[in-house]
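A quick write-up on the structure given underneath.
The values are calculated or read from the model by the stated rules, or taken from the named source; none is laboratory data. If you're wondering where the values come from, they're calculated on a predicted model, not measured in any experiment. Using ideal geometry, Cβ is built from the backbone for each residue, glycine included, and neighbour counts are taken over all protein chains shown.
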Amino acid sequence: MRCILIPVGSHGDVHPLLGLGVHLQEEGHEVIVCTCGYFRELVEKCGLRFEEVGTAEDYLDLIASPDLWNPLKSYTYMFRKTGKALMQTQFETISRLHEPGKTLLISSYLAMGARIAQEKLGLPLISVIYQPAALWSIHDTPRYFGMLTGPSVPKFLKRLQGWLLLDGLIGAVIAPPLNRYRKSLGLAPVRKVDQWLLSNSFVLAAFPKWFAPAQPDWPRHILHIGFPMWDGMGEKNLPPEVEDFLAQGEAPLVFTPGTANMHAVRFFESARDACVMLGKRAVFLTRFPQQLPENLPASILCHSYLPLSLLLPRATALVHHGGIGTASQAFRAGIPQLIMPMSFDQHDNAERVRRLGAGAFLSPGRFTAPRLAGLLRRICQDLKIRQNCREISLAMQGENAFTCARRALEMLGENAGAVL
């Protein structure tokens, strides 16, 4: 079987599908990863075939704008910047690569070109949703910036907020270029973009039920597979300089604003000052070192990237932006997390972490060194939070998202008349 994988987004969005791709290739299937050139080296390091869909320059240009992290602009900025061109390139690439009767598409739910290929070319498609915020519900309503959620909010108000977000904002930006392109392919226009984005065959929810159980108004063809825990290929040890640092003192705090964040100067300045106030050691992670403060104390180690699966079990707590992949690594490590949510699904992920009693969050406007230090002190010393983190970690020990995903592929393959 030829499996074409189409991830869309940053490292946190690409890693899960790469982990699945490695798993499928080990089972003897042909795997092709179609994503932007920024991830070429990462894909090829995994031993997977790479097909460029968007250039590395496109990706860097996208993340260079602070609008990507503005909760009032992030979705519209992203779709206006890349949506039309990416959709067409995805579809054209799939059209060139697919083999009738032998191809399965596995894509991020934002890969509109894959969804079009499902309709136009008749290819089986599995959509992958990494975060529950992508599934609107009037029951357990996802938390977005500025929106009212919780059991006390009337359902009519939740419906209104959903309409404003999905139709009035996101749909209004996506639908015009999407339907123009669909018309050129002889396809009917889409009315409800948010519902259309998901495969009409199978959807994988890449998070566990204890994090976000299925809601009565979710699509019925969704399967929970758990968190896809994969953050690199073949890394079994941390670099020697990191091992030396860890051996020199108590377990550090770990700070990361997200792999695609080029606008985290204040995040790291507050982190530095909070660590000094607390007398704590720390590891700062960023691929863009120009945003790091100068003259950092020797008690703070900086690195471009470290596998969180290796680092976090040896850390005291994690401070991050609220990405679902980052949060899941803290869950598995059994450590508290403090989140500074900015945009996209981050506010919802932060709220779910808080509800689980596994951490807390601070808005960017309140992310100052004194508040950060005080909240870190509280969550690190809170015995109930630490117990909750340990219990969550234990609950994750038996989860294997890739095995669950393979079962779904087998089901879809059989229904499509193919054998996986």
### Query
From Gly146, Gly162, Gly249, which residue is outside any helix (DSSP H, G or I), of a type outside the set (Asp, Glu) and at pLDDT below 90?
Gly146
### Query
From the list Pro239, Pro252, which residue is touching a Leu at 6+ places or on another chain (Cβ under 8 Å) and surrounded by fewer than 17 Cβ atoms within 10 Å (Cβ to Cβ)?
Pro239
#### Entry: Subset of region 124-140 that is outside any strand (DSSP E or B) and of a type in the set (A, V, I, L, M, F, W, C) - its residue that is nearest to Leu160 (Cα to Cα)
Ile138
### Query
Can you name the residue in region 376-392 that is without any contact (Cβ under 8 Å) to a residue 40 or more places away in the chain and among the charged types (D, E, K, R) and is also nearest to Phe211 (Cα to Cα) among such residues?
Glu391
### Residue selected from region 201-212 under the condition modelled with pLDDT of 90 or more and either in a loop (DSSP other than H, G, I, E, B) or not assigned by TED's automatic domain parsing to the domain that holds Val14 (or both), by the criterion nearest to Trp136 (Cα to Cα)
Ala212
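In this structure, is Glu351 under 19 Å from the mean Cα position of the chain (by Cα), of a type in the set (Asp, Glu) and modelled with pLDDT of 95 or more?
On the way: under 19 Å from the mean Cα position of the chain (by Cα): yes; of a type in the set (Asp, Glu): yes; modelled with pLDDT of 95 or more: yes.
So Glu351 passes the test.
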### Message
What's the total number of residues in region 146-168 that are touching a residue at least 40 places away in the same chain (Cβ under 8 Å) and on the phi < 0 side of the Ramachandran plot?
### Response
1
### Message
What pairs come out if I take residues in region 353-375 that are closer than 13 Å to Ala317 by Cα and pair them with residues that are of a type in the set (Phe, Trp, Tyr) whose C-beta lies under 8 Å away, six or more apart or interchain?
### Response
Ala358/Phe331
### Message
Exactly one of these conditions fails for Ile32: (1) closer than 21 Å to Thr259 by Cβ; (2) surrounded by fewer than 21 Cβ atoms within 10 Å (Cβ to Cβ). Give me its number.
### Response
(1)
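Here is a yes/no grid of residues against (1) farther than 29 Å from Leu42 by Cα; (2) of a type outside the set (Lys, Arg); (3) outside any strand (DSSP E or B):
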site: Ala214; (1), (2), (3): yes, yes, yes
site: Leu223; (1), (2), (3): no, yes, no
site: Phe227; (1), (2), (3): no, yes, yes
site: Trp230; (1), (2), (3): no, yes, yes
site: Leu238; (1), (2), (3): no, yes, yes
site: Asp244; (1), (2), (3): no, yes, yes
site: Val254; (1), (2), (3): no, yes, no
site: Asn261; (1), (2), (3): no, yes, yes
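Sort through Pro307, Pro228, Pro289, Pro219 and tell me the only one that's buried (at least 22 other Cβ atoms within 10 Å of the Cβ) and either at pLDDT 95 or above or on the phi < 0 side of the Ramachandran plot (or both). Write out each step before concluding.
On the way: Pro307 fails: buried (at least 22 other Cβ atoms within 10 Å of the Cβ); Pro289 fails: buried (at least 22 other Cβ atoms within 10 Å of the Cβ); Pro219 fails: buried (at least 22 other Cβ atoms within 10 Å of the Cβ).
Step by step, each of Pro307, Pro228, Pro289, Pro219 is checked, and only Pro228 is buried (at least 22 other Cβ atoms within 10 Å of the Cβ) and either at pLDDT 95 or above or on the phi < 0 side of the Ramachandran plot (or both).
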## Note on the structure
Of (1) at pLDDT below 85; (2) over 18 Å from Phe344 (Cα atoms), Lys183 satisfies every one except (1)
### Message
Just to be sure before I move on: is Leu5 over 29 Å from Leu164 (Cβ atoms), of a type outside the set (S, T, N, Q), outside any helix (DSSP H, G or I) and in contact (Cβ under 8 Å) with a residue 40 or more places away in the chain in the structure I sent?
### Response
yes
### Task
For region 2-16, name all the residues that are of a type in the set (A, V, I, L, M, F, W, C) and closer than 20 Å to Glu92 by Cβ.
Cys3, Ile4, Leu5, Ile6, Val8
### Query
Taking helices (runs of 4 or more DSSP H) that fall entirely within region 311-420, which contain at least 1 residues that are under 23 Å from Ala205 (Cα atoms)?
324-333, 346-355, 383-396, 401-415
